[in-house]
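Structure first, commentary second.
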Amino acid sequence: MTSTIDMHCRPATGTPADAYTLGPLQSGPSCCDPEPLIRVENLSLSYDNKPALAGVTLDIYRGCITALIGPSGCGKTSFLSSLNRLTDLIPGCEVEGRILINRQDARAPDLDVQTLRRQVGMIFQKPNPFPLSIRRNLEMPLREHGVRNRSELCDRLERTLTDVGLWDEVKDRLDTPALALSGGQQQRLCLARALALEPSVLLMDEPCSALDPLSSAVVEDLIQRLRGRYTVVIVTHNLAQARRIANYAGFFWVRERAGTLIEFGRCQQIFEEPAHDLTAAYVSGARG
Amino acid sequence: MAKYGLFSMTITSNLDRFMTLAIWSAALLVAAAFLWLLGDVLWHGAAHLSWSFLTEAPENAGRSGGIGPILVSTLMILAVAVAAAVPLGLATAVWLTEFIRPGSSFGRLVGLSLDVLAGVPSIVLGLFGNAFFCVYLGLGFSILAGGLTLACMVLPIFIRTAEAGLRAVPADWRNGAAALGLSRGAALIHILLPAAAPALAAALMLGIGRAMAETAALIYTSGYVDRMPSSLSDSGRALAVHIYDLSMNVAGGDPNAYASALVLITLLIIINSTALWLAENLLQRRIVTA
Amino acid sequence: MIWFKPSILSPSYADARLGWGLAAAAGLAAAILLLIVLLLLRESWPVLQRVGGVRFFADQGWYPAEEMYGLAPMLWATLAASFGAVLLAGPLGVASALFCRHYAPFSVARLYRRMVTLLAGIPSVVFGFWGLTVLVPLLAQFQPPGASLLTGILILALMILPTVALTADAALAAVPDAYLRGAAALGLSRGATIAGVVLPAARGGIISGVLLATARALGETMAVLMVAGNVVQTPTSLFDPVRTLTANIALEMAYASGDHRAALFVSGLMLMGLVIILAAAAWRLSGGRLHG
């Protein structure tokens, strides 16, 4: 079982037999890299002076998939939203502590949040394609970020839709409303929309929990294939899924009415040799 | 126990019977008054309504002839009101929904002042319009002054309806746009405003309906002149003012007043029904599919 | 890799500029009310300064040519007409809303609600015109001259009824279904449920709707102007012809000048004051949101 990590860490190019191809790697390591891309130090977060998250310190490694697990309401989503500063949009939300992304302070007041969010993409629990056509869903954000060249737009459209395995399903109806797609297709479209901006980090907030089991499996496969090329942080309630896809795992729990990180480590260690009793109880299904 | 139960049952059923009777008769009374009014206007108005009535100029102080120039003046006044109220109102509604933090004191102040403005009696707005637009700004009795006065009147209705429409746009799309690094401006133009478009159109229709029904604010701003206006600085008589003048100041003006009232009510029913339909159907459909 | 370089050209700055522009528009929209109050004050200042505020209440009657500026009879007429109209339209409007929500079959309720919505859109001048041609002659057969406080009340009541009915309907719709299910589970009859559960739960919304309707009645001009007779006097019976403050402005602005004109602006201020008091009461009751 010691080889589990290595098995998880296969290159993202995958085998030719795979249904989905991500194409050649353009950047990043071929697999997990022990170099931290995101360092979070002593992060606390409160809504209207009610603490939601207290003292979280953890490193997120480049090219790896990091799963955040724990019961509802323990601040996992808040943690995720503070990484791309979506917390800025929530009235009454206060964040304290340090977040370094690629050695830059993501909480600096003079930071350009829009550039940050372009680099740190996010997928939500409920698929949220815009009420536009499939094509415009992908092209509009690109245009807003300065990609105006027609052939480049078409190129990225096809590439990212192929990456998420949607190209063959929608290539004949790119100008139909995105909201007419099925839930699983919508979620893959949202993923493609994020990938089109060529982010380095992808934050995923329970990306499969609103989908039926089949679509969920398709999206999960897709996340597997992002390994290496993107740094993925995924919040999930599905422990089996976390175990299947993650290289690292962090376990959150509520302590003194605020969520906090109980344990963080290699996925295998968290699930098989948890250092903390709470973790052991949670992953074995005894609590939570 | 059974006795008590029976006892209370008779009491409640008496109360029930009385309430049912009272409520049905109230509803019938209201419906009867409404039908009486509508039927009366329809009956007398339809007798005088014709194509030439809609196009010809009024003659003999409005006793004969039609309402052609009056319709044109009405449309011009509405156009001025819409042109002034919509940009200002849309900007305010967007600011109130998308840019301020809930509980911001400036936002509350703006909201409060809009709510009070919505309650200002129209004749007081007419006084204001007369003193400010006609006299102070030197516009005189003109379509421009009347339109601007009406713009002040419809602004709160337009803003509040548009605001409600924007708030009904799911937060998922706002978060999605922000997570993609879109600017607020881009999110507004590409997603939020198009998604709220039916509600914005409904707000516009409600505003137009309110403006078209208005009389008191116009008598001393856009004036009484029933000739065909040649520019925005001409005085022009709105349809509602025409009805008022015919019924109060012109003996024998009633037949044409009835026909004018029928035209006004028909236009308003069309406008208000469109607003209702837009607000109920389109908005719901768009958001349900999401 | 340089990641997040803030620049003058970046969209964040455009957003900040957009925010300021929109805030300016909102400020302008809010300033209209201030402008109205200031202008009313400015226009009425000469006569307020020369005559003083008290005489607008103390003078015996309204004879602006003889410098008698007693607004009291018209204020009483305004209050009497509005109060009467609310007394009629309040119960009828609430009954209409109850009819829609709890008594009428679904299809009838829909039709009825549509009718009330249409009634809300009918212009006041049409109400006044109908009152003048139908109601006044009818009443004149019993109690000449017909145009009176009573006709004013009837027409005003019909006019503000949709306001009461629609706000009460919204308040009734906001009563949680759980209350109704709870009442049904206790075996309460429909009447008892409404009297004991529904109306108390919807009370706040209904009262603020009635206050809104009162404000509308106070501020209404055309409907009362056309049917109430326009004689300046303190009403002593329902059949007295009366003139309200609003009607007075509409009638006399045409030829008023100097102090007379300024006195009309004083009555405008007075109306504004009445409406602001009512709006403040409704605002408190509804927890900060009036219209829409």
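Considering (1) over 22 Å from C:THR221 (Cβ atoms); (2) in contact (Cβ under 8 Å) with a residue 12 or more places away in the chain; (3) out of contact with any helix residue (DSSP H, G or I) (no Cβ under 7 Å at 6 or more places or on another chain), the lone condition that B:GLY138 does not fulfil carries the number (2). Quick check on region A:158-178. Is at least one of its residues touching a Gly at 6+ places or on another chain (Cβ under 9 Å), in a loop (DSSP other than H, G, I, E, B) and buried (at least 18 other Cβ atoms within 10 Å of the Cβ)? For region A:158-178, residues touching a Gly at 6+ places or on another chain (Cβ under 9 Å), in a loop (DSSP other than H, G, I, E, B) and buried (at least 18 other Cβ atoms within 10 Å of the Cβ): absent. The single residue among B:SER73, B:SER113 that is touching a Lys or Arg at 6+ places or on another chain (Cβ under 6 Å) and either part of a helix (DSSP H, G or I) or farther than 30 Å from C:LEU211 by Cα (or both) turns out to be B:SER73.
One residue alone among B:LEU35, B:LEU21 is within 9 Å of chain C (Cβ to nearest Cβ), of a type in the set (A, V, I, L, M, F, W, C) and out of contact with any Phe, Trp or Tyr (no Cβ under 7 Å at 6 or more places or on another chain), and that residue is B:LEU35. Within region A:163-176, can one find any residue that is under 22 Å from B:SER183 (Cα atoms) and either out of contact with any strand residue (DSSP E or B) (no Cβ under 9 Å at 6 or more places or on another chain) or not β-branched (Val, Ile, Thr) (or both)? No, that holds for no residue. Is region B:86-99 home to any residue that is more than 14 Å from every other protein chain (Cβ to nearest Cβ) and surrounded by 15 or more Cβ atoms within 10 Å (Cβ to Cβ)? Within region B:86-99, not a single residue is more than 14 Å from every other protein chain (Cβ to nearest Cβ) and surrounded by 15 or more Cβ atoms within 10 Å (Cβ to Cβ).
Conditions tested, residue by residue: (1) modelled with pLDDT under 90; (2) closer than 24 Å to C:LEU149 by Cα; (3) of a type in the set (Phe, Trp, Tyr).
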{"site": "C:GLY191", "(1), (2), (3)": "yes, no, no"}
{"site": "C:ALA217", "(1), (2), (3)": "no, yes, no"}
{"site": "C:MET226", "(1), (2), (3)": "no, yes, no"}
{"site": "C:VAL232", "(1), (2), (3)": "yes, yes, no"}
{"site": "C:LEU238", "(1), (2), (3)": "yes, yes, no"}
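Considering region B:125-239, the qualifying helices (runs of 4 or more DSSP H), each wholly inside and each with 1 or more residues that are more than 28 Å from B:GLY68 (Cβ to Cβ), run over B:143-167, B:171-179, B:184-187, B:193-212.
The sole residue among C:ALA195, C:ALA157, C:ALA165 that is within 11 Å of chain B (Cβ to nearest Cβ), under 14 Å from C:HIS102 (Cβ atoms) and within 18 Å of the chain's Cα centre (by Cα) is C:ALA165.
There is at least one residue in region A:238-251 that is more than 18 Å from A:LEU203 (Cα to Cα) and free of Cβ contacts under 8 Å to residues at least 12 places away in the same chain. Kindly establish whether C:LEU150 is part of a helix (DSSP H, G or I), hydrophobic (A, V, I, L, M, F, W, C), within 22 Å of C:PHE83 (Cβ to Cβ) and within 14 Å of another protein chain (Cβ to nearest Cβ). Against the criterion (part of a helix (DSSP H, G or I), hydrophobic (A, V, I, L, M, F, W, C), within 22 Å of C:PHE83 (Cβ to Cβ) and within 14 Å of another protein chain (Cβ to nearest Cβ)), C:LEU150 does not qualify. Applying the set (1) within 7 Å of another protein chain (Cβ to nearest Cβ); (2) under 17 Å from the mean Cα position of the chain (by Cα) to C:ILE32 leaves exactly one unmet item: (2).
Give me the residue from region B:154-204 that is surrounded by fewer than 22 Cβ atoms within 10 Å (Cβ to Cβ) and among the charged types (D, E, K, R) and, out of that set, farthest from the chain's Cα centre (by Cα). It comes out as B:ASP172.
Taking region B:41-60 as the search range and keeping residues that are assigned to a helix (DSSP H, G or I) and free of Cβ contacts under 8 Å to residues at least 60 places away in the same chain, which one is nearest to C:ALA97 (Cα to Cα)? Filtering region B:41-60 for residues that are assigned to a helix (DSSP H, G or I) and free of Cβ contacts under 8 Å to residues at least 60 places away in the same chain, the one nearest to C:ALA97 (Cα to Cα) comes out as B:TRP43. Of all residues in region C:178-192, those satisfying the criterion of being without any contact (Cβ under 8 Å) to a residue 24 or more places away in the chain and in a helix (DSSP H, G or I) are C:ALA178, C:TYR179, C:LEU180, C:ARG181, C:GLY182, C:ALA183, C:ALA184, C:ALA185, C:GLY191, C:ALA192. Of all the residues in region A:60-94, those that are surrounded by 18 or more Cβ atoms within 10 Å (Cβ to Cβ) and in a strand (DSSP E or B) number 7. Only one entry in C:VAL47, C:VAL94 is among the β-branched types (Val, Ile, Thr) and either within 13 Å of chain B (Cβ to nearest Cβ) or free of Cβ contacts under 8 Å to residues at least 40 places away in the same chain (or both), namely C:VAL94.
Selection over region A:237-288 of residues that are closer than 21 Å to A:GLN224 by Cα and part of a loop (DSSP other than H, G, I, E, B) gives a count of 4.
Of the listed requirements (1) among the charged types (D, E, K, R); (2) at positive phi; (3) without any contact (Cβ under 8 Å) to a residue 60 or more places away in the chain, A:GLU206 misses just one: (3).
Residues in region A:132-178 that are out of contact with any Pro (no Cβ under 6 Å at 6 or more places or on another chain), aliphatic (A, V, I, L, M) and touching a residue at least 24 places away in the same chain (Cβ under 8 Å): A:LEU132, A:ILE134, A:LEU138, A:LEU142, A:LEU157, A:LEU161, A:VAL164, A:LEU166, A:VAL170, A:LEU174. Comparison of C:ALA256, C:ALA263, C:ALA279 shows that the only residue that is in contact with a helix residue (DSSP H, G or I) (Cβ under 7 Å, 6 or more places away or on another chain), farther than 27 Å from C:ALA140 by Cα and in a loop (DSSP other than H, G, I, E, B) is C:ALA256. Of all residues in region A:194-217, those satisfying the criterion of being closer than 18 Å to A:LEU37 by Cα, part of a loop (DSSP other than H, G, I, E, B) and touching a helix residue (DSSP H, G or I) at 6+ places or on another chain (Cβ under 6 Å) are A:PRO199, A:SER200.
Yes or no: C:ALA173 farther than 21 Å from B:LEU127 by Cα, surrounded by fewer than 24 Cβ atoms within 10 Å (Cβ to Cβ) and not β-branched (Val, Ile, Thr)?
Spelling it out, C:ALA173 is indeed farther than 21 Å from B:LEU127 by Cα, surrounded by fewer than 24 Cβ atoms within 10 Å (Cβ to Cβ) and not β-branched (Val, Ile, Thr).
Just one of (1) surrounded by 23 or more Cβ atoms within 10 Å (Cβ to Cβ); (2) closer than 30 Å to B:VAL225 by Cβ fails for B:SER64. It is (1). Between B:ALA211, B:ALA279, the distinction of being touching a residue at least 60 places away in the same chain (Cβ under 8 Å) and farther than 20 Å from B:SER73 by Cα belongs to B:ALA279 only.
The values are calculated or read from the model by the stated rules, or taken from the named source; none is laboratory data. Fair warning: this is a prediction, and the values are worked out from it, not measured in the lab. Because the Cβ atoms are built from the backbone with ideal geometry, glycine has one as well, and the counts that use them run over all protein chains shown.
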